[in-house]
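The next block holds one structure in the form of structure tokens; read it before the comments.
The values are calculated or read from the model by the stated rules, or taken from the named source; none is laboratory data. These numbers were taken from a predicted model, which means no experiment stands behind them. When we count neighbours, we look across all protein chains shown, and the Cβ atoms used for this are built from the backbone with ideal geometry, even at glycine. The protein model used for the area step is the full one, side chains on, heavy atoms only, and it has no ligands, DNA or RNA in it. Shrake-Rupley method; radii C 1.70, N 1.55, O 1.52, S 1.80 Å.
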Amino acid sequence: MTKTSLNHLRSSFAELRAQGLRARDAAARLKLSEGEVLAAHAVSQMSPQAGADSLLATVPLNGDWVAILQGLEAVGPVMALTRNEHIVHEKVGVYRNVSARGPVGLAIGPEIDLRLFLNHWHAGFHVVERTDKGEQHSLQFFDRHGQAVHKVHARAQTSLIALEDLVQRHADPAREVSFTPGRVTPPTDRPDSEIDCLGLGEAWSAMHDTHEFFELLKRFQVGRRQALRLMEGVHTRRTPLLAVDWLLNEAATSGLPIMVFVGNPGCIQIHTGAVQRIEPMGPWLNVLDEGFNLHLRGDAVHESWLVSKPTDDGPVTSIELFDESGELIAMFFGERKPGKPELPAWRELAHSLVGGTPPNTQRPLGSAGSHKEAA
């Protein structure tokens with residue numbers, strides 16, 4: 001882009017943010033990805049005066065993703081955000097026990113619990129946004145198409161001195177970040193007639209651990225939603241589309257601890273524990289708890305499935321949500337640890353969702369208001 005077009009982009013983005021649009025939506029209005037917008041705000045591309053006037057100031061990071069995430073422990077409590085097209089998962093806590101083997105990484109702590117697929121991590125930025133409440137700091141990571149895979153937002157308890165030190169160690173101001181138009185899309189499912197359904201069912205029944213499921217899908221070259229459909233009545237059953245509303249409200253009422261998995265190609269983020277405050281706002285169904293927020297576009301749920309997987313500890317039951325294109329939105333489990341059976345109360349709740357719409361899901365999902373989540 002020319003200097004003039006970059007200046008116009010920055011001012012247009014600032015105007016859209018001032019109108020209340022989230023960063024992601026403001027970028028889309030400009031027909032750009034979030035990553036492209038942040039790259040256009042790199043300090044190295046701005047004059048001192050442009051930098052002083054800009055809403056955002058960004059510095060590219062050097063790509064040592066594991067070391068950056070490991071360094072976050074010294075920063076203290078932050079908000080980790082992982083999203084896909086239809087749901088946002090936010091957890092406040094400290095990054096602990098970050099490790100990786102090849103392109104697959106982990107962060108395992110009582111609050112921040114992540115599964116990382118680092119081959120999808122293409123670029124990262126330290127972002128400073130000027131707001132009415134002062135400067136807001138974040139680290140934001142993107143795939144090669146400029147779609148966010150993970151974000152880390154500073155909070156009041158965050159040590160900005162430690163964060164700045166981490167950024168200084170991994171800053172690469174001269175790095176020119178570029179993105180490829182488009183987005184990561186899952187492969188097209190093979191025709192059902194080409195799937196060995198008998199073999200799939202037998203292998204499913206022979207599972208010893210839930211982690212075998214991904215390899216099972218690869219072995220039989222079957223898509224996740226396709227596998228659930230082919231095993232309907234054996235290992236899976238459809239639930240009403242509003243079952244997640246019932247599930248969250250019942251879990252909140254009973255205090256039943258659950259696990260909520262939300263992901264995209266680069267990261268899966270997990271909440272484990274109770275949920276308390278369930279709030280519908282327009283099309284959004286929200287969990288608004290201290291330390292955990294979840295924002296689900298209920299009108300995007302096209303299919304909802306009850307899924308049972310055999311393990312050495314007994315069956316493990318999940319509720320899995322898919323959008324119209326067949327992409328996974330989220331998964332819900334009862335709280336459990338390896339070596340222990342799942343909670344009977346969770347299994348009872350999950351199975352109660354099948355066979356009819358529960359009493360408190362007669363209304364449309366979300367009833368009033370609007371929602372603005374962190375971007």
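Annotations
- Calculated FRET efficiency, Ala206 to Leu106, Cβ-Cβ distance, R0 = 30 Å: about 0.65 to the nearest 0.05.
- Estimated dipole of region 38-99 in Debye, rounded to 20 [Cβ of Lys and Arg +1, of Asp and Glu -1, Cα centre]: 140 debye
- Amide H partners (placed H, <5 Å) of Arg190, local residues excluded: Gly223
- Fraction of the pair-distance distribution of region 19-89 above 13 Å, Cα-Cα pairs, percent: 76 percent
- For Gly291, net neighbour charge (Lys/Arg +1, Asp/Glu -1) across residues whose Cβ lies under 14 Å away: -2
- About the Cα centre, charge dipole magnitude for region 271-350 (Lys/Arg +1, Asp/Glu -1 at Cβ), debye: 280 debye
- Once backbone amide H atoms are built at 1.01 Å from N, Ala274 has Ile258 as its partners under 5 Å, excluding neighbours fewer than 5 places away on the same chain.
- Residue-wise HN-Hα couplings along region 127-142, as the Karplus relation 6.51 cos²θ - 1.76 cosθ + 1.60 with θ = phi - 60° gives them from phi, are 10, 10, 10, 7, 10, 4, 9, x, 6, 10, 9, 8, 10, 10, 10, 9 Hz; Gly and Pro carry x.
- Rolling a 1.4 Å probe over the heavy atoms of the protein chains gives region 25-175 an accessible area of 43 Å² per residue.
- Taken over the Cα atoms of region 1-123, the convex hull encloses 138 Å³ per residue.
- Farthest towards the positive end of the charge dipole of region 28-97, among the residues Tyr95, Ala74, Leu56, is the Cα of Tyr95, using unit charges on the Cβ of Lys, Arg, Asp and Glu.
- Furthest towards positive pole of dipole, Gly105, Ala148, Thr272, structure part the chain, Cβ charges: Ala148
- Between Asp172 and Leu61, Asn62, the built amide H atoms are under 5 Å apart, and every one of these is 5 or more places off in sequence or on another chain.
- Heavy-atom accessible surface of the chain: percent carbon and sulfur, 1.4 Å: 52 percent
- When the helices of the chain are scored as -39500 (n - 2.57) per DSSP H run of n ≥ 4 and the total is divided over every residue, the value at 222 nm lands at -7500 deg cm²/dmol.
- Membrane-span-like helices in the chain (whole DSSP H runs, Cα extent of at least 18 Å along the helix axis, mean Kyte-Doolittle hydropathy of at least -1.0): 3-18.
- Nearest-20 debye value, the chain charge dipole, Cβ charges on Lys, Arg, Asp, Glu: 500 debye
- For region 303-311, 3J(HN,Hα) per residue [Karplus equation, 6.51 cos²θ - 1.76 cosθ + 1.60, θ = phi - 60°, Hz, x = Gly/Pro]: 9, 9, 10, 8, 10, 10, 10, x, 9
- Calculated on alpha-carbon atoms, Rg and Dmax of the chain in Å: 21.6, 67
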